[in-house]
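Data first, discussion second: the structure below is written as structure tokens.
Derivation of every value follows stated rules applied to the coordinates shown; laboratory data play no part. Values in this document were obtained by computation on a predicted structure and should not be read as measured data. All Cβ positions, even for glycine, are placed from backbone atoms using ideal geometry, and neighbour counts span all protein chains on display.
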Amino acid sequence: MTTAVASRELNALDRCDRCGAQAYVRVVLESSGGELLFCGHHARTVEPTLKPLASEWHDETSRLREKKPVLVED
């Protein structure tokens with residue numbers, strides 16, 4: 001858990017606090033201002049409990065369904 005909150009896009013260096021997978025959801029707790037990061041799976045698991053306690057719920061799980069361009073070398 002970290003306390004610095006940034007409004008930047010999550011990247012591959014941001015890891016889930018539960019399992020260490022790439023994080024796609026950032027949760028900022030209203031009471032402490034602390035930040036939690038979750039993968040899509042764990043975000044869905046904790047959402048019913050944490051969302052009412054959050055001042056911010058930044059969800060980038062839609063990026064999981066994006067098609068990445070494939071580089072084809074000749």
* By average C-beta atoms within 10 angstrom, highest first, the peptides 21-28, 64-71 -> 21-28, 64-71
* Which one, (1) 17.9; (2) 11.8; (3) 13.1, gives Kirkwood radius over Cα pairs in Å as derived from the coordinates shown? -> (3)
